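Scroll down for the structure; my scribbles are underneath it.
The values are calculated or read from the model by the stated rules, or taken from the named source; none is laboratory data. What you are looking at is a predicted structure, and each value in this text was computed from that prediction instead of being measured. Cβ atoms come from the backbone with ideal geometry, glycine included; neighbour counts cover every protein chain shown.
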Ligand code: F3S
């Protein structure tokens, strides 16, 4: 039985206004469906309902904004339905653009911070260990829980904004300590250091981890190197695509897993899976669906490119040029592009012949030209979704593979430890 506080009751009976009442009625119904016995406070939110996918989501946002809704906690905004100021460079229908812009305005009117990024955790402020938040966007959720140690459920679109307006969430799932214990042990068996240090290892492991764990919490043991945040970002995004992973632990690396015992909260794993180099090679192969070497476009920055990634790209493209007939696209956030511009990275991309899009990405807006059917990417998430959502064939590779391929005009692979 769900118990509400006096303040919850005021929100629910309309004393805090009709928008809060509407949001609270949805939070309460969802709490009952989840079997929650109470609600708890959050101190921040990340809103994924910003993506325009049709009239219903737009109407919902405009209804709330029209009733005077305001977020009660700091709320960053996920990618939207288009690059607000650059969409005209792509074949996006004008009516789609108008609706997507209306939806963006509605969320800003409600007080959302117009970050328009799926990687809000790569700018400050970001949630800290133990902080209760309500986040949407699967790749951001898994990063918040696993890498930052913040606490969020996998909030679906529309519920995320209702939680932000009320500042309350059902006290269930990953908000509660006891539900954050590891369930499946994944042991890395005899993986050479050269592979552990290779960037492709992280999306490949994420892809495999998602398939093994699905919506369970896995604990990975045997990481002998300390990954960068971008590598953990790539791992989590891939795991949240091939599975519904919202939390993983890396023993000795992620905040709630200083030891194997701590990751399992003293319990025993329900299952142990040994991951070999052959399993990882198969996961890496699985992400490539394109045959032959034809290439139309390269897409990097899924999740959105960080400054560190911009800097790596800048070094790689020096002296190279994208071959005519191939497009090279970086997706990133406004904040990161500003920093990349100041660091000279944008000029380097332009000299290479690449372009950038902000606020969105090809999986969330109809920006791809119709002649694009062969794409290369370094993202496990993009490689997983693009064949189904965009009907493109994908070649998965490292960032260096992506750059070399764009310059060559066809898919090439640089020498890597995977081939040895
Ligand atoms: Fe971000 Fe789009 Fe990838 S929202 S995580 S760049 S699919």
Qualifying position, being surrounded by 20 or more Cβ atoms within 10 Å (Cβ to Cβ), touching a residue at least 24 places away in the same chain (Cβ under 8 Å) and not assigned by TED's automatic domain parsing to the domain that holds residue 383, among 213, 189: 213
Test set (1) closer than 30 Å to residue 355 by Cβ; (2) surrounded by 22 or more Cβ atoms within 10 Å (Cβ to Cβ) - residue 314 fails condition number: (2)
Pairs with Cβ under 7 Å, 6+ apart, first in segment 22-42 and within 17 Å of residue 132 (Cβ to Cβ), second modelled with pLDDT under 95: 37/1
Output for segment 105-121, where each listed residue is surrounded by fewer than 22 Cβ atoms within 10 Å (Cβ to Cβ) and either modelled with pLDDT under 95 or within 16 Å of the ligand (Cβ to nearest atom) (or both): 114
Residue 206, sole failed condition from (1) under 26 Å from residue 31 (Cβ atoms); (2) within 16 Å of the ligand (Cβ to nearest atom): (1)
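Which helices (runs of 4 or more DSSP H) sit wholly inside segment 296-413 and have at least 1 residues that are within 15 Å of the ligand (Cβ to nearest atom), under 21 Å from the mean Cα position of the chain (by Cα) and modelled with pLDDT of 95 or more?
307-317, 334-342, 380-389, 399-408
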Selection count where residues are farther than 14 Å from residue 142 by Cβ and buried (at least 18 other Cβ atoms within 10 Å of the Cβ), scope segment 231-266: 4
